[in-house]
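Nothing in this text is a laboratory measurement; each read-out follows from the coordinates by a stated rule. Values in this document were obtained by computation on a predicted structure and should not be read as measured data. With ideal geometry, Cβ positions are generated from the backbone for all residues, glycine too; neighbour counts draw on all protein chains shown.
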Amino acid sequence: MAALRSVFPIFLLVPLDLGDEGRDNRSPQLECKLKKAAYTFLRVLILLIAAAALGLLVNWIRSGGIPLVAGEPYEIYKDCPEISKEASAVKMEHLDADLSAFSVIDSRPVNDFLTAHVPGARSLPYDPIRPMDKELMAELRALGPNRLLVYGDNEIDSGRLMAGELSSAGLLGVRYIEGGFTAWIEAGRPTESGGQR
């Protein structure tokens, strides 16, 4: 029985009638401490139940109390934007007028960029032969996923090719404008000229 009590100390709180042979030789001081512990536990339990009951009562009485059961599903979970490992085409009709959430890259030759480009775009001519600069790639990667929007020309579809190269290099959620700068012009979107690369 002593081994059982060492494994399950809760049995110390429960008086066991084992007869004269199995009865513990507890001292009166130990009995007193056990009774105090049991009474303290009981008082704490009563206080917890009373506090919970009081809280429920106040919540029920006051107007606009917190519902215990939701009337409709909570809207705390929102779908995360999908992050693609491949470049995604974006049609002009699906492209917002405000592109401030994107870092826009013009993959056409510099002269074309200087003549006219998407407002706020950055010139980064696509070159299929030369690999992209590591510092530039680190800078673009630091922007985070779903931040790059690339457009190019229709001759070699440079926007799609550059977006694919950026995606292959590990940048996530890269998009390109389907139809390139021509589609931008045909949609009547604003342009600007000049600027720095």
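One table, with the values for the structure above:
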{"read-out": "Burial ranking of peptide ranges 49-61, 151-163 (average Cβ count within 10 Å, highest at the top)", "value": "151-163, 49-61"}
{"read-out": "Residue order, fewest to most surrounding Cβ atoms within 10 angstrom, among 123, 167", "value": "123, 167"}
{"read-out": "Proxy reagent accessibility, fewest Cβ within 10 Å first, across 44, 118", "value": "44, 118"}
{"read-out": "Total formal charge among the other residues, if their Cβ is under 11 angstrom from that of residue 118, Lys/Arg +1 and Asp/Glu -1", "value": "+1"}
{"read-out": "Computed lengthening from residue 37 to residue 135, 0.36 nm per intervening residue step minus Cα-Cα distance", "value": "28.5 nm"}
{"read-out": "FRET efficiency, residue 101 to residue 69 (Cβ-Cβ, R0 35 Å, nearest 0.05)", "value": "0.35"}
{"read-out": "Alpha carbon centroid spacing (whole Å) that separates the stretch 95-156 from the stretch 165-195", "value": "7"}
{"read-out": "Inter-site label distance for residue 48 and residue 189 at 7 Å from Cα along Cβ, in nm", "value": "6.1"}
